[in-house]
Structures are given as structure tokens and as C-alpha cells.
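Novice: This is the structure I want to talk about, given as C-alpha cells.
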Amino acid sequence: MRRFKDDMPFSSNNGGGGGPWGSGGGNRGGGGKGPWGGGGGGSGSQGPDLDDLLRKGRDQLKVVLGGKGGGGGRGGGGGGGGGPSPAPYLKFIIPIVLVAAWLMQSFYQVKPEEKAVELMLGKYYRTTDPGLHLAPWPIVSHETLPVTRENTIDIGTAPASGRIRTAEQGLMLTGDENIVDIDFQVVWNISRPDLYLFNLAEPNQTIQAVSESAMREVIARSKLKPILSRDRAVISAEVQQVIQTTLDSYDSGVNIVRVNFDGADPPPQVIDAFRDVQAAEQDRDTEAKRAEAYANQKLAGARGQVAQLLQEAGGYRAQVVNEAKGEAARFESVYAEYVNAPEVTRKRLYLETIERVLGDVDKIIIDENVGGGSGGQGIVPYLPLNELRGGGTN
């Protein structure tokens with residue numbers, strides 16, 4: 001801005017010169033007008049007029065923007081003095097500032113973990129990937145969303161924020177009409193920013209309601225014991241599938257990353273009794289296994305004895321049959337010899353029979369010619385009495 005000269009309307013003369021707003025100068029001793037166009041500083045002076053104040057403000061604004069000031073105040077000179085003309089470079093600074101502000105509003109940066117949705121006059125236009133983009137403001141606006149960030153929703157358990165869970169939260173009815181307290185967590189992110197932005201008004205509340213409904217559906221088809229022990233991974237996978245299918249039917253643009261099955265317990269009111277029942281069932285299973293082991297042991301022993309008896313019977317049968325066959329073959333061979341030589345065979349059979357009968361008997365054989373027989377010589381036979389006493393007499 002150029003400097004104001006001494007002859008500009010900022011003179012410090014108390015006489016009749018023009019005031020700073022182009023009106024007649026005030027005189028401390030006289031009736032001249034003050035700087036607001038009113039009367040002098042005497043006892044009869046008045047305050048500034050509101051209309052004159054607004055008009056003069058507009059004139060000064062026109063001077064700054066390159067126009068001319070208005071006419072003089074009431075009772076002042078006949079014509080208004082021209083204001084100072086603006087500096088030449090102001091004509092270039094203002095457009096540059098406006099263009100820079102427009103560019104700042106139009107360019108935007110999308111981070112690697114984000115995507116942006118551009119809206120043309122409030123209607124979906126396109127989805128942009130990470131990088132620098134231009135959205136001509138105010139025709140095109142944008143909404144940036146984190147698409148890779150994993151969001152979590154806790155159901156049935158108190159989250160880290162310290163919110164107190166309600167009594168009904170997490171309590172679900174199983175297929176065998178038992179009540180179980182379920183704690184699980186749903187992890188999700190954004191797969192379609194355009195659908196997520198336009199179709200979900202309250203994403204957290206919607207996903208929580210759908211997740212709880214899906215878990216209740218799956219638990220209602222399951223029994224209590226598998227839920228508490230071995231089927232948690234199966235239930236988590238099934239719940240994730242049901243949640244994803246439901247959200248896809250809403251065109252929500254949400255992807256369910258995983259479902260964490262944190263815990264399943266009986267309600268707090270009956271957990272002590274439930275633990276007693278579980279302990280009794282474990283004792284029953286233990287005793288049943290012991291009885292089964294004892295039965296298997298006895299059954300295996302009995303089966304072994306049966307197999308042994310069967311083998312012994314088979315051996316005895318084979319022995320008897322073989323002996324019978326041998327005796328029959330021997331008889332047939334003896335009969336064949338008997339047919340050829342009856343007397344010799346008869347005597348041989350007699351001697352073999354006597355040998356077989358008397359072979360193991362203690363006996364003393366005395367020749368009939370020894371002793372007092374008719375042909376004897378009167379020799380008295382010697383009998384070994386000691387041996388007769390020990391072995392018997394035949």
C-alpha cells in the first residue's frame with residue numbers, strides 16, 4: 001500500500017478541516033462537527049448516527065476493493081473525497097489465494113491401508129485406490145475409509161472399555177434345552193467401501209445384531225456337551241459363514257475375517273451344580289471304563305481257555321483215531337499171517353499175550369519136576385522169603 005500524504009483527511013487541525021470520515025472537523029471551543037459527523041464537544045453534542053456509521057463503513061470497504069467513497073457527512077463539504085486506490089499486486093494475490101484454496105480442497109491423499117469413495121453432487125462416482133487424487137470441489141467430494149484395519153466386536157463379555165455386560169448378554173439356549181453362557185468376538189473389515197458407506201447406517205450395531213443372531217441359531221442346533229468340549233472350532237466356522245451370508249444379503253460391503261470362540265460356560269447361577277454333575281459323569285465314565293477293562297480281561301482269559309481245550313480235544317481225537325487205525329492195521333496183518341500158518345500164529349499170539357499180562361508181575365516159577373513130585377528126587381526148593389514178603393506172593 002502506498003503511504004498517505006499529509007494533506008489526506010487525517011489532519012490533526014482542530015479547525016474547520018475535514019475529519020477522518022470526510023465530514024467537517026470539530027472545534028473544541030465551537031460548534032463544529034465531531035469525527036462521527038455530529039456536533040462539537042460542547043454540552044449540546046450528540047452520539048454518532050447508526051445509519052451514517054454503516055454507510056461510511058461500506059464506503060471504506062469500497063475504497064479497499066478499488067471503488068470510491070461516498071459523499072460527505074451531514075453538514076460537511078459538498079463532495080466526498082476519493083479514497084486511496086489499492087496496490088496493483090492485490091489484483092493478482094486474491095485470485096492466487098482463491099486458486100490455492102480450491103486446490104487444497106480438491107486434492108486429497110489416500111494412505112496404503114485406505115480407499116476413498118468419490119461423490120459427485122452427493123451421488124456415488126467412483127472408488128479410488130491409495131495415492132494422490134483430484135476431486136474438483138465443490139462438485140466432487142470424497143470419503144476416506146480404512147479397508148485393511150481389523151475391527152472387533154465383543155459379544156457376551158465385557159470389552160476393554162470397561163462396559164458392564166447385561167445379565168442376558170451371551171445366554172443362549174442349546175438344542176438339548178440347556179442354557180449356556182457364550183463369549184465370542186467377531187473380527188471384520190471393509191471389503192466394499194461404496195456399499196459400506198451407503199447401505200450401513202450403524203455398522204457396529206448391525207454387525208453385532210447379526211453376529212448374535214447367527215450364534216444363537218448355531219447354538220440352538222447343537223448340544224451342550226460338544227459345545228463345552230470339542231466342537232468350538234466347528235461352531236466358529238459355521239457362525240462365520242452364517243454372518244457373512246447375512247451381511248452379503250444386505251449388500252453391506254463388510255468382510256468377516258474370523259470369529260473367536262472365547263468361552264462357553266453354564267450360567268453363574270447354576271455353575272456349581274453343573275460342575276458337580278460333570279464330576280459325577282466323569283466318575284461314571286471312569287467306573288464304566290474299569291468294568292469294561294475287567295470284562296475284556298476275563299473274556300480274553302475265557303477265550304484262551306476255550307482255545308486250549310479245543311486244541312487238547314483235537315489232539316486227543318487225533319491220537320485215538322491214529323491208535324485205532326494202527327490196531328486195525330496190525331490186526332489185519334496178523335490175520336493175514338494166521339491164514340497162512342494157523343498153529344504158529346496161534347502159539348505166537350498166546351505167548352505175546354502171556355508176556356503182556358505177566359510182564360510187570362513179581363512171580364516165582366517152579367518147575368514141576370523139582371520137589372516131591374513123581375519124577376523128583378525129593379529136593380526141597382529154596383524160597384526167598386524176604387523178597388516174597390516185600391513184593392508179594394504169586
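Novice: Using a cut-off of 16 Å between alpha-carbon atoms, which aspartates and glutamates can reach Lys289, once sequence neighbours fewer than 8 places away in the same chain are excluded?
Specialist: Excluding near neighbours in sequence, the set is Glu281.
Novice: Can I ask one more? Taking amide H positions as placed in the peptide plane 1.01 Å from N, state which residues far from Phe107 in sequence (5 or more) or on other chains have amide H under 5 Å from it.
Specialist: Ala135
Novice: Give a residue-ordered list of calculated ³J(HN,Hα) values for segment 289-294 (Karplus: 6.51 cos²θ - 1.76 cosθ + 1.60, θ = phi - 60°; whole Hz; x for Gly, Pro).
Specialist: For segment 289-294, the Karplus-derived couplings read 5, 4, 4, 5, 5, 5 Hz, x marking Gly and Pro.
Novice: Could you calculate the contour length gain from Glu292 to Val270, that is, 0.36 nm times the residue separation minus the distance between their Cα atoms, to one decimal place in nm?
Specialist: 4.7 nm
Novice: Considering only protein heavy atoms, what per residue accessible area in square angstrom results for segment 310-367 with a 1.4 angstrom probe?
Specialist: 92
Novice: Can you give the extra length, in nm with one decimal, that the chain gains between Ser229 and Asp176 once fully stretched, where that is 0.36 nm per residue apart less the Cα-Cα distance?
Specialist: 17.5 nm
Novice: Next up: Once both labels are modelled 7 Å past Cα along the beta-carbon direction, what's the Asp129-Glu352 spacing in nm?
Specialist: 11.2
Novice: Something else now. Return the Rg/Rh ratio of segment 240-292 with Cα-based radii and a Kirkwood Rh. All intermediate terms of the calculation are to be shown ahead of the outcome.
Specialist: Values: Rg = 20.4 Å, Rh = 15.1 Å.
Expressed as Rg/Rh, it is 1.35.
Novice: Mind giving me the FRET efficiency for Arg221 and Thr148? R0 is 30 Å, r the Cβ-Cβ distance, nearest 0.05 is fine.
Specialist: Computed FRET efficiency for Arg221 and Thr148: 0.30.
The values are calculated or read from the model by the stated rules, or taken from the named source; none is laboratory data. Keep in mind the model is a prediction, meaning the values are calculated, not measured. Neighbour counts run over all protein chains shown; Cβ positions are idealised from the backbone, glycine included. Remember, those area values only see protein heavy atoms, side chains included, never the ligands or the DNA or RNA. Shrake-Rupley method; radii C 1.70, N 1.55, O 1.52, S 1.80 Å.
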